[in-house]
Structures are given as C-alpha cells and as structure tokens.
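Trainee: This is the structure I have questions about; it appears just below.
The values are calculated or read from the model by the stated rules, or taken from the named source; none is laboratory data. Please read these numbers as outputs of a predicted model, since none were measured by experiment. Counting neighbours? That spans all protein chains shown, and the Cβs are built from the backbone with ideal geometry, glycine included. The accessibility values were calculated without ligands, DNA or RNA, using every heavy atom of the protein model including side chains. Shrake-Rupley method; radii C 1.70, N 1.55, O 1.52, S 1.80 Å.
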Amino acid sequence: KQEVTQIPAALSVPEGENLVLNCSFTDSAIYNLQWFRQDPGKGLTSLLLIQSSQREQTSGRLNASLDKSSGRSTLYIAASQPGDSATYLCAVPPANQAGTALIFGKGTTLSVSS
Amino acid sequence: GAVVSQHPSWVICKSGTSVKIECRSLDFQATTMFWYRQFPKQSLMLMATSNEGSKATYEQGVEKDKFLINHASLTLSTLTVTSAHPEDSSFYICSARPWDRGQVEPQHFGDGTRLSIL
C-alpha cells in the first residue's frame with residue numbers, strides 16, 4: 001500500500017531564505033506527483049504536477065523535482081516570503097493507477113517571518 | 001483554469017441533523033469526483049469516489065449509509081452527512097479532474113467545508 005511521508009513536519013525560516021521540503025513515497029510505480037499548498041481552514045491550491053517521465057517542474061520561485069527510483073520528491077522555494085507561509089502537501093496516485101484519488105502526506109507547515 | 005466550487009464553506013448544526021455539501025465543476029465535466037476528510041493536523045484521507053450515474057465507491061471504514069453520495073450530473077456531486085454527530089466534525093474537501101484531458105491535468109480541489117456538530 002502506497003504511503004507518503006513528508007519531512008520536516010514544520011519549518012520556520014526568515015524572509016529571503018531558500019528552503020527545501022521533502023516528500024518520500026513507498027511505491028515508485030506512480031504516474032505523477034503533485035504538490036499543493038493549503039492555507040489554514042482553506043482548500044488546496046495545486047502548485048506543481050510532475051509526470052513520471054519528468055524530473056522536475058518549475059513555476060516562478062518554486063521548483064519540484066522527482067526521483068522515482070528512490071521514491072523521493074523535493075519542493076524548492078527560492079527567496080521565501082511571508083506570503084509563502086502555509087502547509088505544503090505532497091500527493092501521489094496509488095501505484096500503477098491513473099485518474100484515481102490521491103494519497104497525501106501529512107504536510108510541512110512553513111512559517112516565513114519578516 | 002479548471003475550477004471546483006464547494007458549498008457551503010462552513011456549517012454549524014446540532015447533533016442529529018443531516019447536512020448536504022455540494023461540489024461543482026464550473027468549467028469542465030467530471031465523470032468522477034472524490035470526497036476527502038481532513039481532521040486537525042492530519043492529512044487528507046479519501047472517503048469515497050463519486051461516479052456519475054452509478055453508485056459511489058467507499059473506502060474501508062466509511063459508512064455508506066451515513067455518508068450518502070449522489071453524482072447526478074457531470075458537474076455536480078453531493079455528500080450528505082446523515083444524522084451527524086460531534087465525531088463527524090471535520091473538514092470535507094472534494095476534488096475533480098477534467099475527464100477528457102488525460103493525466104496531464106492535475107486534480108482540482110474545492111475550498112472545503114468546515115463541519116462542526118454541536
């Protein structure tokens with residue numbers, strides 16, 4: 001059964017710092033991996049989707065990488081800002097399944113101080 | 001971009017009340033929608049898969065008679081929490097993905113419904 005783990009659970013950094021959030025999954029037979037942002041009491045905002053054939057995706061100050069063989073993904077945030085404070089979730093579909101519901105990690109709660 | 005609308009965003013009601021939550025795909029059709037539940041400081045857990053025109057598929061441990069799902073059209077799925085009790089208090093979120101855009105389209109989530117049962 002696919003399991004997703006995110007480390008660290010919480011992270012506090014000063015504004016301007018670059019940071020890396022980690023995600024690992026137990027079964028590497030995934031079709032894609034998605035990173036989300038969740039603000040307190042709110043729904044999810046999709047940040048990046050990486051297909052299994054890709055190694056990374058970039059959107060603005062965000063860069064997500066995927067290493068399927070090792071079951072790992074990282075989300076790199078450059079020049080962090082207080083507005084980046086939120087919980088970041090990593091999610092994958094079950095192994096060898098497409099178009100299905102996602103399996104989520106518990107998230108990393110990021111706090112960026114000004 | 002694809003938008004999923006969820007309503008209501010917040011519900012407070014007495015124990016024993018039934019509560020209906022709507023999930024709509026505003027600019028695309030979705031043959032399948034998903035319902036998740038999130039307890040405080042926990043991750044999202046899939047409750048059920050809503051299939052247009054057929055019965056929903058429930059995850060193990062989720063009572064189908066308590067959480068009624070109806071997917072009557074390609075743009076609307078509803079979750080009804082019947083005879084809600086305090087332990088049903090949680091954050092409920094739905095998601096959908098445009099059926100005709102393959103795996104390149106990410107799943108889109110509603111803004112969630114905060115359900116508080118007194």
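Trainee: How large is ³J(HN,Hα) for each residue in the range B:8-23, as worked out from phi by the Karplus curve 6.51 cos²θ - 1.76 cosθ + 1.60 (θ = phi - 60°), to whole Hz, x for Gly and Pro?
Mentor: Once rounded to whole Hz, the list reads x, 8, 8, 9, 10, 8, 7, 4, x, 7, 9, 10, 10, 10, 9, 10.
Trainee: Mind listing, in residue-number order, the residues in the range B:43-62 that have at least 50 Å² less accessible area with every protein chain present than in their own chain alone (1.4 Å probe)?
Mentor: Residues meeting the cut-off: B:Ser43, B:Leu44.
Trainee: Report, in debye and to the nearest 20, how large the dipole of the protein assembly as shown comes out about its Cα centre when Lys and Arg carry +1 and Asp and Glu carry -1 on their Cβ.
Mentor: Working: 19 positive and 19 negative charges, 46 e Å.
Computed about the Cα centre, the dipole is about 220 debye.
Trainee: With label points built 7 Å along Cα→Cβ from the Cα atoms of A:Val20 and B:Gln29, find their separation and express it in nm.
Mentor: Each label point is offset 7 Å from its Cα along the Cβ direction, giving 4.5 nm.
Trainee: For the range A:55-103, what is the largest minus smallest coordinate of the Cα atoms on each principal axis, given in angstrom and ordered from greatest to least?
Mentor: 37, 21, 16
Trainee: On a 27 Å Cα-Cα criterion, which of the cross-link pairs A:Lys68/B:Lys64; A:Lys106/B:Lys55; B:Lys14/B:Lys55; A:Lys68/B:Lys55; A:Lys1/B:Lys64 come out too long? Show your work: numbers first, answer last.
Mentor: On the way: A:Lys68/B:Lys64 35 Å; A:Lys106/B:Lys55 29 Å; B:Lys14/B:Lys55 29 Å; A:Lys68/B:Lys55 34 Å; A:Lys1/B:Lys64 23 Å.
Over 27 Å Cα-Cα: A:Lys68/B:Lys64; A:Lys106/B:Lys55; B:Lys14/B:Lys55; A:Lys68/B:Lys55.
Trainee: Note the buried accessible area between B and A here, summed over both chains, with a 1.4 Å probe, in Å² to the nearest 100.
Mentor: Chain pair B/A: roughly 1500 Å² of buried accessible area.
Trainee: If you don't mind, there's one more thing I want to ask. Explain nothing, just the number: relative contact order of the range A:15-63, from Cα pairs under 8 Å at least 6 residues apart, as a whole percent.
Mentor: Values: 40 pairs, mean separation 12.5, N = 49.
The value is 26 percent.
Trainee: Still on this structure, I have one more. Can you give me the distance in nm between label points at A:Glu3 and A:Gln81, each placed 7 Å from the Cα along the Cα-to-Cβ direction?
Mentor: In this crude spin-label approximation the distance works out to 3.8 nm.
Trainee: Run the lone-cysteine check on chain B: no other Cys C-beta under 4.7 Å from the residue's C-beta.
Mentor: B:Cys13
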